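In what follows, a single structure is set out as structure tokens and then discussed.
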Amino acid sequence: MAENITVSPTPIQRNAFDVAMELLTMHQQKSVVEAEDISEIFAKYYTLANTLQKKSASDLKAFLPEEIRSKL
């Protein structure tokens, strides 16, 4: 058996659910959220994350301010 074992790190891959959960957590930290509103807020964030992950990088550049876009 080898004395030295090396393992390549696996990059963290997040899906739309993970992103929506993080956005919901950030939302709750910034403002008071009523319990009955959590599912609606999560659904909005999930839909946004799911839609954006299907877009190409060039499509997403359109959302950036012009001063940032011109430097890319």
Query raised in the report: Just from its helices, what would the mean residue ellipticity at 222 nm be for the chain, if runs of 4 or more DSSP H residues each count -39500 (n - 2.57) and the sum is divided by every residue, rounded to the nearest 500 deg cm²/dmol?
Result: -16500 deg cm²/dmol
**Report entry** Candidates per GluC sites (Glu not before Pro) in segment 21-72, loop by DSSP, up to 13 other Cβ within 10 Å
**Finding:** Glu34
Report task. Could you work out the longest stretch of the chain that avoids the trypsin sites (Lys or Arg not before Pro) located in DSSP loops with at most 16 other Cβ atoms within 10 Å? Result -> 15-53
Report task. Express the carbon and sulfur contribution to the solvent-accessible surface of the chain as a percent, rounded to the nearest whole number, probe 1.4 angstrom. Result -> 57 percent
Query raised in the report: Any idea what angle helix 16-30 forms with the longest principal axis of the chain, computed on alpha-carbon atoms, 0 to 90 degrees, nearest 10?
Result: 60 degrees
Query raised in the report: To the nearest 10 degrees, how steeply does helix 38-53 sit against the main Cα axis of the chain, on a 0 to 90 scale?
Result: 60 degrees
Query raised in the report: Taking the Cα atoms of the chain alone, what are Rg (to one decimal) and Dmax (as a whole number) in Å?
Result: 18.5, 57
**Report entry** Low-density loop positions, chymotrypsin sites (Phe, Trp or Tyr not before Pro), segment 27-72 - DSSP coil, at most 12 other Cβ in 10 Å
**Finding:** Phe63
Query raised in the report: Over the chain, what relative contact order in percent results from Cα pairs under 8 Å that are six or more residues apart?
Result: 33 percent
Query raised in the report: Given charges of +1 on the Cβ of Lys and Arg and -1 on the Cβ of Asp and Glu, with all other atoms neutral, how large is the dipole of the chain about its Cα centre, in debye to the nearest 20?
Result: 400 debye
Report summary line: With the charge dipole of the chain built from beta-carbon charges (+1 for Lys and Arg, -1 for Asp and Glu) about the Cα centre, the Cα from Ile12, Thr25, Ser56 projecting farthest to the positive end belongs to Ser56
Report summary line: With the 1.4 Å probe rolled over protein heavy atoms, the chain has an accessible area per residue in Å² of 90 Å²
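The values are calculated or read from the model by the stated rules, or taken from the named source; none is laboratory data. Predicted, not measured: the structure shown is a model, and the values here were computed from it. As a convention, Cβ positions derive from the backbone with ideal geometry for all residues, glycine included, and neighbour counts pool all protein chains shown. To get the accessible areas, we keep the full protein, side chains included, count just its heavy atoms, and leave off ligands, DNA and RNA. Shrake-Rupley method; radii C 1.70, N 1.55, O 1.52, S 1.80 Å.
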